[in-house]
Structures are given as C-alpha cells and as structure tokens.
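Participant: Here it is, the structure, as structure tokens.
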Amino acid sequence: MNSVTAQSHPRPWQVFAALSVGVVAVFLSLSGLTVALPTVARELDASGAQSTWILLGYMLVTTALILVFGRLADIIGRRPLYLAGLVTFTVATGLCMLAPSAGWLIAARVLQGAGAAAVVTNNTALLTDTFPPHTLGRALGWNATVAAVAQVVGPLIGGAATAALGWRGLFAVVLPVGLVAIAASIWVIPRAAPARPCSGSRSTWPARCCPPSCSPPWSSRSPPASVRCGGCRGRVVARVSFSPWCSWWCRSGAHIRSWT
C-alpha cells in the first residue's frame, strides 16, 4: 500500500466525498453527450463515422488504459496519478467546450477519456487505502451507487444543458465539477507515506526491508549478491526493490530454515 493507511486518516468520509465528485464528473461526461450528439453532429457538420467516434473515442480509451494506469499507479503512487487524471480530464473538458470542428472534439474526447481512466483506476484503490476494514464495504457500495446515479442522470442533465445552452452546455456543466474535484482531492486525499529506505548496511538492511519476523539469516552480514539491488553497493534504495524478495521469503517459510 503506497498511501496513508486508513487508521491514520481521521476523516475518511471526506476523502469519499472528494472522490465522489470526480466520479460524478467522469460519468456525466460519459453518458450526458448521448442526448446532445445529434445537435453536435449538425452544428459541427460531422459525418456518421465522426459522430460515432465522438462517443466511442472516450469509452475506448478509458477501457484500454485502465490496466495500464493500474500498473503505473503501483509505480508512481495512486494520489499523483489520480490528480493527474483529474487535471487532464478537466483540461480536456474545456477543450471539448471550445471545439470548432468534429476532429478537434474527437481528439479532446480521447484526451478526456485518458484522464477518466486514471480517475476510475485509482478511485476504488484510494478508498481501500483510506477506510478501515469494518467500513470499507459500505464506502465501496456508496461509491458504486454514486457512479450508477451519475450515469443515469447524465442524459437528463445533458438534455437540459443542451436545451438551455446548446451542446457545449454539457461541458460547461462538467467543467466546474472537475475543478471542484481537483481542489477537494488536493485538500483531503492523504499523501503517500514515505518509503522506508534500505541502507544495505551489514546490520540494518534486513530489518528495514522485511518484517521483523522475516529477517533473513544474514541479518548481521551484507545481503548476498543475488538479492542486492543491481549495483547499489549499500546506497539508499526504495523498499519496493526488495518487496518481491521479502514477500517470497515470508511466504515460503525460508526465514525459519537454517542457512548454510
């Protein structure tokens, strides 16, 4: 877990509220444009294929990037990637609102879908990091409810916005929601916990890289070359460098066997 644990966050429901605003923005943009699409196609003189890609580009990119961003979040952290996704999504929403042509709108929707993918990928993970086990199920249930409701009311809001302000009105509605989501998320989502360094010294590296009960038998000696970070030679490295090794070490029970 690369975020602050649930027990250390005093107000997890504030985090839920901030994440919910981001979810609302993403799903409003997903379903709200379906009602406005005929108006978009008429005013931008879009062909049938272009009209399809205005909707499909968003959904396709979001689906394709979820797994990619899931892995990327493990590397750079969930909070930074989530915030980057929100910013990208909100900027792309503004570009959609200003689109002078169908091609511009398709490109902006693709960018918007990439930002949405980062939001969707990290939303549940951040809730899991924030809530204690006894309330996590309730939080995840409410999170799914918020997403479903936003997707259902999206066409209603899209139709009302289109009738009042034209097809750009939908993006004018989503844009401030995205801005609120960014501000709220920066304010309440906990920063990642700092990784404990692994010094690689003769006396401290096992205890600082592995759980105390799983200290390897060379605790008083330097780690063997097979488990050293390539070329670190005692330099400080992130604990993730040793996490796979330590996980195997604990699971296999090797730490209770003699070492010769």
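Participant: Taking the Cα centre as origin and putting +1 on Lys and Arg beta-carbons and -1 on Asp and Glu beta-carbons, what dipole magnitude results for the stretch 1-136, to the nearest 20 debye?
Facilitator: Numbers: 6 positive and 4 negative charges, 39 e Å.
Here the stretch 1-136 has a charge dipole of around 180 debye.
Participant: So, one more: Quick one: net charge around Ile54, please, counting Lys, Arg +1 and Asp, Glu -1 for every other residue with C-beta under 15 Å from its C-beta. Write out the running numbers ahead of the final one.
Facilitator: On the way: positive: Arg42, Arg109, Arg168; negative: Glu43, Asp45.
Net local charge, Ile54 excluded: +1.
Participant: What ranking do 84-90, 185-191 get when scored by the average of other Cβ atoms within 10 Å per residue, highest first? Please report the intermediate quantities before stating the final value.
Facilitator: On the way: 84-90: 22.6, 185-191: 16.0.
The packing order, highest mean first, is 84-90, 185-191.
Participant: Rank-order 138-149, 72-83, 13-24 by packing density, defined as the average count of other C-beta atoms within 10 Å over each peptide's residues, highest first.
Facilitator: Details: 138-149: 14.7, 72-83: 18.5, 13-24: 21.3.
Descending mean neighbour count gives 13-24, 72-83, 138-149.
Participant: If you take the square roots of the eigenvalues of the alpha-carbon gyration tensor of the stretch 100-171 and sort them as a ≥ b ≥ c, do you get rounded (a/c under 1.5), prolate (a/b over b/c) or oblate?
Facilitator: Since a/c reaches 1.5 but b/c is at least a/b, the shape of the stretch 100-171 is classed as oblate.
Here, each number is a calculation from the coordinates, and none is a lab measurement. Please read all numbers here as calculations on a predicted model, not as lab measurements. Every residue, glycine among them, receives a Cβ derived from its backbone with ideal geometry; neighbour counts consider all protein chains shown.
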